[in-house]
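Read the structure below first, then the notes.
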Amino acid sequence: MSWLSIVSVILALALGALFLPDSRPIVEQDRAITAAERAWARHWVAANRPRGRQPGELMTIGLSEREATLLANELLGRFGQGRAAVRLDAGRATIDASLALPWNPRGSFVNLELGLVANGSLPKIETARLGGVPLPGTLVQALAERALAAVVNSQLLQQVDLEDDRMRIVYEWRPHLLERIGSGFVADADLPNLLRYQNDLTKMLADRTRRGPVQLADLLAHLLSRAGAQPADADPIAENRAIFMVLAAYVNGRTIRDPADATASPKASRPHPVLLRGRQDLSQHFMTSAALAIQGDDTLSGMVGWYKEMSDANGGSGFSFADMAANRAGIRLARLATGNREDARRLQRIARQGLAEDDFMPAIDGLPEGIDQQTFAANFSGTSQADYQRIIAHIDRRIDARRLFREL
């Protein structure tokens, strides 16, 4: 379930992109990095992949300040345009990162600063800043602390020592490491419901044709019907929230695992492609945005979808208003499913009669897609921003016309 970790990072970037962009990076390009150092970083990443490791095996990583900086830059370079600097002191570590916003030709940056301080065997977040603006106790701090807590809850990280010019990390190798870390984001109280609905989903799909596609509407209908059959004292909001989280994991090819379960889980079967309007990417956009809305705020979920689309416009598949429609429809359904107990139960009752994608997902006919960065900047920014808002308003009207949103 590493998608949860990725989504949290993207969320922070989206906030920075919309509210706190800097015109200059806090981490300047390190022109002193040599070709030999870059080769060392690539070799280190390749050599330390945990192939052949046994479950429960303790692994130790020791890095100097320079080595940690080189590896951070290598990893950032693989995922986008960014650079980082790591500073180590006795009992403290500071991590600075600057990531270029891909759609802004004038050059804007998301600057992230994290301060870690020793706290027993594992460090804690002391400070978190985004875009150079201090945000103690607010969203960036909370996200950073939550990410670290997820790693701690996964019971993988055993010891982190911060010394002058050196850090030492001891962790326990377990299968599905990233999924266990991602599962650490799940509240303990929610985990039993998530595991139960995941089991229901597995049973439902057990007899399906191998690797044949399934419809998102069918999965929603089945699990929401199961929720409606729970005892009367069950919280319908909590049940629906668990369903959306399980489906968000499934459409992204992930499995939710109990972080406290130290046993080696059997290899999960390859998930079926889940389709929405005949497309797998739309089901991923829909459910990921819905899950984010349930976890926090629907406005932030919209920002994540927007950031993803802007990134696609820069050399990816291109900006897609169809994807934006799926993002916004997912947020609306999540809000409906978990907004209040009455609507949550009514949705469960409606699902027992069956759901069609027309009930909650608008048509995507005529929505522009595959828009590259240059075209987007020319047609939908500056004085043309009204055209962007006009299309978004058109999408929202399509969503408003869906049966579930009319009736509930």
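The values are calculated or read from the model by the stated rules, or taken from the named source; none is laboratory data. Everything numeric here is computed off the predicted structure, so don't read it as measured data. Because the Cβ atoms are built from the backbone with ideal geometry, glycine has one as well, and the counts that use them run over all protein chains shown. Remember, those area values only see protein heavy atoms, side chains included, never the ligands or the DNA or RNA. Shrake-Rupley method; radii C 1.70, N 1.55, O 1.52, S 1.80 Å.
Take the residues in region 361-384 that are touching a Gly at 6+ places or on another chain (Cβ under 9 Å) and open to solvent by less than 30 Å² (accessible area, probe 1.4 Å), then tell me which one is modelled with the highest pLDDT.
Of everything passing the filter in region 361-384, MET361 is modelled with the highest pLDDT.
Would you call ILE243 closer than 15 Å to ASP190 by Cα, modelled with pLDDT of 90 or more and not in a loop (DSSP other than H, G, I, E, B)?
Judged against the criteria, ILE243 is a match.
Check off (1) at pLDDT 80 or above; (2) among the hydrophobic types (A, V, I, L, M, F, W, C); (3) open to solvent by 30 Å² or more (accessible area, probe 1.4 Å); (4) within 30 Å of ILE371 (Cα to Cα) for ALA90 and give me the number that stays unchecked.
It fails just one condition, (4).
Name the one entry in ARG24, ARG31, ARG38, ARG53 that is over 30 Å from PHE244 (Cβ atoms) and at pLDDT 80 or above.
Values: ARG24 fails: at pLDDT 80 or above; ARG31 fails: at pLDDT 80 or above; ARG53 fails: at pLDDT 80 or above.
Going through ARG24, ARG31, ARG38, ARG53 in turn, the sole match is ARG38.
How do the pairs read when you match residues in region 200-217 that are under 16 Å from ALA248 (Cβ atoms) with residues anywhere that are exposed (fewer than 14 other Cβ atoms within 10 Å of the Cβ), using Cβ under 6 Å and keeping only pairs 6 or more apart or on different chains?
ALA217/ALA356
Tell me, yes or no, whether region 167-185 has at least one residue that is modelled with pLDDT of 75 or more, over 30 Å from ILE350 (Cβ atoms), open to solvent by 50 Å² or more (accessible area, probe 1.4 Å) and assigned to a strand (DSSP E or B).
Scanning region 167-185, I find at least one residue that is modelled with pLDDT of 75 or more, over 30 Å from ILE350 (Cβ atoms), open to solvent by 50 Å² or more (accessible area, probe 1.4 Å) and assigned to a strand (DSSP E or B), so the answer is yes.
For every residue, the table says whether it meets (1) β-branched (Val, Ile, Thr); (2) more than 28 Å from ASP281 (Cα to Cα); (3) surrounded by fewer than 18 Cβ atoms within 10 Å (Cβ to Cβ).
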| residue | (1), (2), (3) |
| --- | --- |
| ARG226 | no, no, no |
| ALA229 | no, yes, yes |
| ASN240 | no, no, no |
| VAL246 | yes, no, no |
| ASN252 | no, no, no |
| THR255 | yes, no, no |
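Hey, could you check region 191-224 for residues that are under 17 Å from ARG349 (Cβ atoms) and over 24 Å from the mean Cα position of the chain (by Cα) and say which is surrounded by the most Cβ atoms within 10 Å (Cβ to Cβ)?
As a first pass, look at region 191-224 and keep what is under 17 Å from ARG349 (Cβ atoms): 217, 220-224.
Now narrow it down to the ones that are over 24 Å from the mean Cα position of the chain (by Cα): 221-222.
On the way: ALA221: 19, HIS222: 22.
Once the filter is applied, the top-ranked residue is HIS222.
If LEU224 meets every condition in (1) more than 20 Å from ARG341 (Cα to Cα); (2) outside any loop (DSSP other than H, G, I, E, B) apart from one, which number is that one?
Among (1) more than 20 Å from ARG341 (Cα to Cα); (2) outside any loop (DSSP other than H, G, I, E, B), the lone unmet condition for LEU224 is (1).
Matching residues to (1) over 14 Å from LEU367 (Cα atoms); (2) modelled with pLDDT under 90:
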site	(1), (2)
SER301	yes, yes
GLY305	yes, yes
SER320	no, yes
THR338	yes, no
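Any residue that is modelled with pLDDT of 85 or more and either aliphatic (A, V, I, L, M) or open to solvent by 40 Å² or more (accessible area, probe 1.4 Å) (or both) - is there at least one of those in region 96-110?
yes
Counting only residues that are open to solvent by 20 Å² or more (accessible area, probe 1.4 Å) and in contact with a strand residue (DSSP E or B) (Cβ under 6 Å, 6 or more places away or on another chain), which one in region 69-79 is modelled with the lowest pLDDT?
Looking at residues that are open to solvent by 20 Å² or more (accessible area, probe 1.4 Å) and in contact with a strand residue (DSSP E or B) (Cβ under 6 Å, 6 or more places away or on another chain), I get LEU76.
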